[in-house]
1. I'm checking my understanding of the structure. Among residues of segment B:263-276 that are within 25 Å of residue B:127 (Cβ to Cβ) and over 23 Å from the mean Cα position of the chain (by Cα), which one is farthest from the other protein chains (Cβ to nearest Cβ)?
2. Among the numbered criteria (1) more than 13 Å from chain B (Cβ to nearest Cβ); (2) free of Cβ contacts under 8 Å to residues at least 12 places away in the same chain; (3) buried (at least 20 other Cβ atoms within 10 Å of the Cβ), which one does residue A:125 miss?
3. Taking the stated definitions as given, is residue A:194 over 22 Å from residue B:114 (Cβ atoms), touching a residue at least 24 places away in the same chain (Cβ under 8 Å) and part of a helix (DSSP H, G or I)?
4. Out of all the residues in segment A:202-224, is one or more among the hydrophobic types (A, V, I, L, M, F, W, C) and not in a helix (DSSP H, G or I)?
5. State the number of residues belonging to segment A:100-122 that are over 21 Å from residue A:243 (Cβ atoms), buried (at least 18 other Cβ atoms within 10 Å of the Cβ) and more than 7 Å from chain B (Cβ to nearest Cβ).
6. Which residue, of A:92, A:76, is buried (at least 22 other Cβ atoms within 10 Å of the Cβ), assigned to a helix (DSSP H, G or I) and not β-branched (Val, Ile, Thr)?
7. May I ask you to list the residues in segment B:51-75 that are part of a helix (DSSP H, G or I) and free of Cβ contacts under 8 Å to residues at least 60 places away in the same chain?
8. Which one of A:234, A:171 is closer than 30 Å to residue B:6 by Cα and assigned to a loop (DSSP other than H, G, I, E, B)?
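The values are calculated or read from the model by the stated rules, or taken from the named source; none is laboratory data. Fair warning: this is a prediction, and the values are worked out from it, not measured in the lab. Neighbour counts run over all protein chains shown; Cβ positions are idealised from the backbone, glycine included.
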Amino acid sequence: MLTTLALLLPLLLLALVGELAVSAWPAIRRFGLSFLWTSVWDPVAGIYGAAPMIFGTLASSLLALLLAVPLALGVAIYLTEFAPKWLRQPVAFLVELLAAIPSVVYGLWGIFVLIPFLRAVVVPPLRATLGWTPFLSGVFYGNSLLAGGVILAIMIVPYIAAVSREVLLAVPVSQREAALGMGATRWEAVWTAVVPYGRAGLIGAVILGLGRALGETMAVTMLIGNRHDIGLSVLQPAYTMAAAIANEFSEATTDLYLSALFEVGLILFVITVAVNALARLMIWRVARGTAVGSRAL
Amino acid sequence: MSARRLRRRIVSGAMTALVAVLSFVAVLALVLILGYLVAKGASSLDWSFFVKNPVPAGQAGGGVANAIVGTVIIVGLAALIGLPIGIGTGLYLAEYGSGRLGWVVRFVADVLNGTPSIVVGIFAWTWLVKPMGHFSALAGSVALAVLMVPMLARTTEEMVRLVPHSLREAALALGYPRWRTSLRVIARTALAGSVALAVLMVPMLARTTEEMVRLVPHSLREAALALGYPRWRTSLRVIARTALAGIVTGCLVGIARVAGETAPLLFTALGNLNFSTSVLQPMQTLSLQIYVYATGPFDEWHRLAWAAALVLMGLVLLLSLAARWAIRQRHGAAR
């Protein structure tokens, strides 16, 4: 009986992939590979190209990683190496609580707290100093790649920090002792002996965070501005694949429109699966070699 | 020489301070989010907020009674479908999952665990909403269950693996038939009820479960087998007794996670302005209500969105804290 139950999962995955592929087939046959790199999305004319969404998904996730990785690694290093014992559990718990906040609540907070904050405090000095670069050009209305990236960063910090912490905890004490014994300062011991030892596990943690960011829907939909356009400026609105499905699926009036959205879903699914598989693989390799990180995942 | 040493000391001190500040920033983010929820939402929490339904756009007042009831029904139904499947899969992974099928199931659970919830939403739409011809709470529940199962399965597996074999043996004496009967009843009800929600839940559960079981030392396993206990009986024992707290934790975390989900419900449960308890009709949830109110143009809506978010957050936190408490019951002395 347990075996039958266990077989449900693979069947479910097959059904999911099959259904996505079948529903997306009309769009795949009609547009072929050009769906991936053309940017016209015109439901009236029946022409669909998903390049802006794919770009926006990758750009917002990379921006999120840029902000979240130093933060999450800092938390993990502090909690495993430097923090007083009594502080470790409570702080780890609080950071992990960030993962419990529903996406839609992040969206609400982003609209009414984060965007006004970015507009008043963060963006003016950024533009004053770096406004000449293409990354910070144009007018800032609020809903933008920047807002979406920042909210994503906050959302993935708990995941990266939790896994990194497990990885660092698994590094043998002898690594630290050896470095300290050779006269390294405490930071040098961490940076030259502990972090490199768990490197593959840490990279796995980051890739897992990336997987989360790519598929995140509600908060990003509420903050990123939802505009079909490819632009380098983080101050401009953008679009993501998940947001496009959330916004347009119930309005898709023609079969081809619906099919195009299913193809977007299929692409999103394939990308997240690939990223997650890569993360698992990295952690697997570490686990086989040195056992670091095997417990974390 | 000493200047260089001084420099190294300063770098070490500065980096220590930096990682401490980064930790502070992460905690600050949490404090800011929860603080704003309380500051902006608490004043709107009165009796009518909990017992009234939404009023037409632009009017003042109204509540979210329909959304609260809807959340409970949809998430409850999702748990009904997802928990048995997720836990069962987790047990399988923990106890029999060393072969090729185990590897496949575990891999699939991990894949589904990382699947964007919006993709599960359109999947549930094609399988349930389209054939039935209308949106329904049931379809929403199924979508949530699908999200829940992989996590639950893995949690359960981990939990069961944590249990030492000696404890398995003891538990064996106590309750095998009862456990199996209840599992069977639950599984049957759930399957009859709704499939999609379960789909979400199972992979989550399966993975969690596996991790738990894996932590059991091999020596203990061998000892139990050497004593002549059939494998399946020992595994059941384990679950029924010692891993229970861990599995309960996994379930609570799984439920907490899907309770706040919005994306899979957009095209399944859809939302409903009126009070409805029929699972075959569109139904409102707190998460859908927050989405509509937060993105809408009225100040009154924004006020209600904050209040609804505070209620939802309270619900999720309660489940998370209960999960912590449950695991502490089991590991209390160790930590």
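1. B:276
2. Unmet for residue A:125, out of (1) more than 13 Å from chain B (Cβ to nearest Cβ); (2) free of Cβ contacts under 8 Å to residues at least 12 places away in the same chain; (3) buried (at least 20 other Cβ atoms within 10 Å of the Cβ): (3).
3. yes
4. Filtering segment A:202-224 down to residues among the hydrophobic types (A, V, I, L, M, F, W, C) leaves A:202-203, A:205-208, A:210, A:213-214, A:218-220, A:222-224.
Then keep just the ones that are not in a helix (DSSP H, G or I); that gives A:224.
There is at least one residue in segment A:202-224 that is among the hydrophobic types (A, V, I, L, M, F, W, C) and not in a helix (DSSP H, G or I).
5. Matching residues across segment A:100-122 total 0.
6. On the way: A:92 fails: buried (at least 22 other Cβ atoms within 10 Å of the Cβ).
After ruling out the rest, the residue left standing is A:76.
7. Residues of segment B:51-75 that are part of a helix (DSSP H, G or I), as a first pass: B:51, B:65-75.
Hits for segment B:51-75 are B:51, B:72.
8. Unique residue meeting the criteria: A:171.
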